[in-house]
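Following: one structure in structure tokens, then a few remarks.
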Amino acid sequence: MTAATQAETHRAITAVWKIEQPRLIAGLTRMVRDISMAEELAQDALLIALKTWPQTGVPKNPGAWLMATAKRRAIDYFRHNKMAARKLEEVGHGIETDTPDTVERLHEALDDEVGDDLLRLIFTSCHPILPPESRVALTLRLIGGLTTEEIARAFLAAEPTIGQRIVRAKKTIAEAHIPFEVPRGPQRAERLASVLGVLYLIFNEGYSATAGSDWMRPQLCDEAMRLGRILARLTPEEPEVHALVGLMEIQASRTNARTNAMGEPVLLLDQDRARWDQLLIRRGLGALAEAERLGGIAGPYALQAAIAACHARARRAADTDWPRIAGLYAILAQVTPSPVIDLNRAVAISMAQGPAPALELVDTIKDAPALRNYHLLYGVRGDLLSKLGRHTEANLEFRRAADLTRNERERAYLLGRAADAG
């Protein structure tokens, strides 16, 4: 085999692994009931593929090949450790011989099970027993297929910190004997909310980075949307899943227009809408329509997606239906009361009715504990004061906002606004 052919095979293996890793870990976790062991078995299968495929070529059904290899490794492990014969029989059933027919049969079985296995793994990774930051790290590791280094880089955290979160999360799941299943009834609703919350947290960190020198981290947005689409395929009757996918895709459509050539932020009203991704907008609007068809028009993600759709449908900033946006925020505030939602409603009111009534609303919520260190509160208040001609006060608010943000691009923008206010 030539060096070029070998390099091509390694690229193919990398591509196959990116696709198959979550499915492989999910299927193995169902069998061995241990996430850490499932990861080790999957990695063993990958190492064997890296040695074998450059000589034999990538098999017709690489996912089934990897699963069969991992299951054989599991059989060896259980044999060497003299574990229960029942477990050995359960894991090894049907693959005692390494024949093509065996792999084909296994592939067909995997097609029937993989959807349920992935869904179980998603719900397990986002279990409410875990802290939110651990759910994010574990989800990106197991479902997103990101390495610990990639997750650490994306969230500007130390690699050992992320590694410890993942290890603790898996240990917590094991010690709590959390069943590898999709819960039903009220528990499912609670867990689905956790899953969606994790995906949106990942997306938001990519869309508006909380710290560092980059305004955005598109890789995280892409991962959140990819995971959302997987979840939508696995739960086609859940309106809020479609709504979240629609919301993320509509927001992501603005990515190319959100920064200028120097990487500086460009606010929504100043963006060149010709640079918005129309394919993502169409997909997002389609996902929102599906959520509405399923009766999810009043869900929190559906309402946010409807707000995003108002912006997406406006060809010019001046065409934006701000009264409708303000009304949608008012409904959203009733569904999920939050001073942050009220702050966003105030921005919409300022565009629909003027800065004075908006400032009145902001001043009723500015002492809320949740907003005490929220830099956007002071940024919004500074903007409203500036529009009202109260420039000295606006300067102070912009500077306070700049002191609170950990994002360098945002800090520079806010200090510029403070300078402009005098």
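Quick notes on this one:
- Here Ala211 fits the description: over 30 Å from Arg33 (Cα atoms), in contact (Cβ under 8 Å) with a residue 60 or more places away in the chain and over 11 Å from the mean Cα position of the chain (by Cα).
- Odd one out for Leu267 among (1) aliphatic (A, V, I, L, M); (2) assigned by TED's automatic domain parsing to the domain that holds Glu292; (3) in contact (Cβ under 8 Å) with a residue 60 or more places away in the chain: (3)
- Evaluation of Val167 against the conditions (1) under 21 Å from Ala26 (Cα atoms); (2) under 18 Å from the mean Cα position of the chain (by Cα); (3) of a type in the set (Val, Ile, Thr) shows that the sole unmet condition is (2).
- Here is the figure for the stretch 182-210: residues that are closer than 27 Å to Leu156 by Cα and not in a helix (DSSP H, G or I) total 3.
- Residues of the stretch 140-149 that turn out to be outside any loop (DSSP other than H, G, I, E, B) and without any contact (Cβ under 8 Å) to a residue 12 or more places away in the chain, as a count: 1
- Some residue of the stretch 337-358 being crowded, with 17+ Cβ neighbours inside 10 Å and among the polar types (S, T, N, Q): yes
- With respect to the conditions (1) surrounded by fewer than 17 Cβ atoms within 10 Å (Cβ to Cβ); (2) assigned by TED's automatic domain parsing to the domain that holds Glu264, Glu190 falls short on a single one, namely (2).
- Filter result (among the polar types (S, T, N, Q), within 17 Å of Thr14 (Cα to Cα) and surrounded by fewer than 17 Cβ atoms within 10 Å (Cβ to Cβ)) within the stretch 31-73: Gln43, Thr52, Gln55, Thr56
- So Val91, is it touching a helix residue (DSSP H, G or I) at 6+ places or on another chain (Cβ under 6 Å), modelled with pLDDT under 85 and either surrounded by 13 or more Cβ atoms within 10 Å (Cβ to Cβ) or outside the structural domain of Leu234 (by TED's automatic domain parsing) (or both): yes
The values are calculated or read from the model by the stated rules, or taken from the named source; none is laboratory data. Every value quoted in this text rests on a predicted model; they were computed, and no experiment measured them. Here Cβ is always computed from backbone atoms with ideal geometry, including for glycine, and neighbour counts include all displayed protein chains.
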